[in-house]
Amino acid sequence: MKFDAIIIGGGPAGSSAAITLARHGWAVAVIEKSKFPRRKVCGEFISSTNSALLDRLGVGEVWRAAAGPEIRHVAFYAGETCVEAPMPRAANAGFGRALGRDLLDLLLLEAARAAGAEIFQPWRAVAIDKEEGAVHRVRIESKEGASVLHAPVVIAAHGSWKPGNLPTQLARTNLASDFLGFKAHFRGSSLAADLMPLLVFPGGYGGMVGADHGRLSLSCCIRRDALAAMRKVSGKLPASEAVQRHLIMSCRGIREAIGDAVLDGRWLAAGPIRPGIRTCYEDDIFRIGNTAGESHPIIAEGISMALQSGWLLASELTRAGASDLRARQIAGQRYSLAWKKLFSTRIHAAAAFAQLAVRRESAPLMRTMVGAFPVILTLGAKLSGKATSVPGMGSA
């Protein structure tokens, strides 16, 4: 089967690119290994800067109807410290909101299908080979068997957490310093509806936010060695139970928010996370979402970066066309520059915030500074991209 573009991964990045390309007449295939709906380790917050982009993708109205309340305040919870500050507001965009990935990903992928993309789900890409004439051959597999797709453009949107044999997948690591991700939903939380706290606790960091249908989304990243210590102290409880116990015992704000809440479903775990900036374009393979670069989740910008990077790339490719190799190379260069301009600052800022959060010696200083100057939270949220407009969203 022949296409103009094959997108590996049907999450927010892949769907954003698929919708945009398909609406411009491209023949698009999306390869997604998981069945939807499915829950996923993710903070689930979407900054208000994506409002116009979601409208452009055709899902803005549904997103606003389904997502949780507007988040108008940020907070800092660490030990006994609980400090709040205003969330920075993007011009003409209101405030950000959270929607569970079980709902968001299905919404976006169905929009890609409606735009004309062909969805292969659940199928897994297992190899990418180059053919003559600057065309790629992508081998895919499922329980139904195997197939081969052909396209001049391959877009990697499979994320960075899972190792594999594709040239865009990272090698497996197993370091004590690795950060592992955890996520759970709760019902009956006492957290204020318009508040999103940054959580800092021994061994890691996280966040909480009110999402759809009255669910509280709590996500966190914990160093592998810190998790081992938690389990040892807790009598070798399962990892998720040890994490929840550690969070409640070490942070008053978490304890007050979920102490009487009910776990909705089970805890999820994934990782290790792979923060950093990678190659956006190489050998006619394009990377978007976490495959291109990943920030520490401490700034809650993962979904925003996924949506925006998919749209940025697709916008460049639609100007270049699928058949002209030289034009695609120029598009790759332009996309790489645009990606770095839009995302590199927040990735570096997230790395700095994360290092401060997990260093035991810096925790008292953070509590003192934020307690004395709550505006630091507002400035930090702005630096992380919460008020940074998406290029090209000014016109329809």
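Okay, here's what the table says:
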item	result
Segment 106-153 - residue that is charged (D, E, K, R) and over 18 Å from Asp4 (Cα atoms) and, of those, surrounded by the fewest Cβ atoms within 10 Å (Cβ to Cβ)	Lys143
Segment 1-19, residues that are hydrophobic (A, V, I, L, M, F, W, C) and within 18 Å of Val59 (Cβ to Cβ)	Ile7, Ala13, Ala17, Ala18, Ile19
Every pair of residues 6+ apart whose Cβ atoms lie under 8 Å, when the first sits in segment 156-177 and is within 17 Å of Arg224 (Cα to Cα) while the second is part of a loop (DSSP other than H, G, I, E, B) and at pLDDT below 90	Trp161/Gly271; Arg172/Pro163
Exclusive hit being at pLDDT 95 or above, buried (at least 24 other Cβ atoms within 10 Å of the Cβ) and part of a loop (DSSP other than H, G, I, E, B), set Gly25, Gly10, Gly14	Gly10
Residue among Ala176, Ala193 that alone is touching a Gly at 6+ places or on another chain (Cβ under 6 Å), assigned to a loop (DSSP other than H, G, I, E, B) and surrounded by fewer than 24 Cβ atoms within 10 Å (Cβ to Cβ)	Ala193
Selection from segment 67-80 of residues that are in contact with a strand residue (DSSP E or B) (Cβ under 9 Å, 6 or more places away or on another chain) and surrounded by fewer than 21 Cβ atoms within 10 Å (Cβ to Cβ)	Pro69, Glu70, Arg72, His73, Gly79
Among the candidates Leu103, Leu99, residue that is of a type outside the set (Val, Ile, Thr), under 22 Å from Pro297 (Cα atoms) and crowded, with 23+ Cβ neighbours inside 10 Å	Leu99
Among the residues listed as Ala306, Ala300, Ala322, Ala349, the single one being modelled with pLDDT of 85 or more, more than 14 Å from Asn50 (Cα to Cα) and not hydroxyl-bearing (Ser, Thr, Tyr)	Ala349
Criterion violated by Gly380 - all others in (1) crowded, with 16+ Cβ neighbours inside 10 Å; (2) out of contact with any Phe, Trp or Tyr (no Cβ under 9 Å at 6 or more places or on another chain) satisfied	(2)
Residue count for segment 132-151, restricted to those that are in contact with a His (Cβ under 7 Å, 6 or more places away or on another chain) and either of a type in the set (D, E, K, R) or assigned to a loop (DSSP other than H, G, I, E, B) (or both)	1
Qualifying residue in segment 368-378 (condition: modelled with pLDDT under 95, closer than 26 Å to Ile6 by Cα and in a loop (DSSP other than H, G, I, E, B))	no
Some residue of segment 44-53 being assigned to a loop (DSSP other than H, G, I, E, B), of a type in the set (Ser, Thr, Tyr) and either within 30 Å of Gly380 (Cα to Cα) or over 17 Å from the mean Cα position of the chain (by Cα) (or both)	yes
Flag for Leu199 being among the aliphatic types (A, V, I, L, M) and part of a helix (DSSP H, G or I)	no
Exclusive hit being within 30 Å of Ala134 (Cα to Cα) and within 24 Å of the chain's Cα centre (by Cα), set Gln244, Gln308	Gln308
Condition check for Arg266: charged (D, E, K, R), in a strand (DSSP E or B), under 24 Å from the mean Cα position of the chain (by Cα) and closer than 19 Å to Gly43 by Cα	yes
Boolean, Gly181 is modelled with pLDDT under 95 and either within 30 Å of Thr345 (Cβ to Cβ) or exposed (fewer than 15 other Cβ atoms within 10 Å of the Cβ) (or both)	no
Residue selected from segment 289-336 under the condition of a type in the set (D, E, K, R) and farther than 21 Å from His158 by Cβ, by the criterion surrounded by the most Cβ atoms within 10 Å (Cβ to Cβ)	Arg334
Residue list for segment 225-282, restricted to those being touching a His at 6+ places or on another chain (Cβ under 9 Å) and free of Cβ contacts under 8 Å to residues at least 24 places away in the same chain	Val233, Ser234
Conditions (1) surrounded by 14 or more Cβ atoms within 10 Å (Cβ to Cβ); (2) under 27 Å from Gly293 (Cβ atoms); (3) basic (Lys, Arg); (4) over 20 Å from the mean Cα position of the chain (by Cα); number of the one not met by Arg359	(1)
Complete set of residues in segment 354-378 that are free of Cβ contacts under 8 Å to residues at least 12 places away in the same chain and either of a type in the set (A, V, I, L, M, F, W, C) or in contact with a strand residue (DSSP E or B) (Cβ under 6 Å, 6 or more places away or on another chain) (or both)	Leu356, Leu365, Met369, Ala372, Phe373
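The values are calculated or read from the model by the stated rules, or taken from the named source; none is laboratory data. No experiment lies behind these values; they were computed from the predicted model shown. Cβ sites come from the backbone with ideal geometry, for glycine too, and all protein chains shown count toward neighbours.
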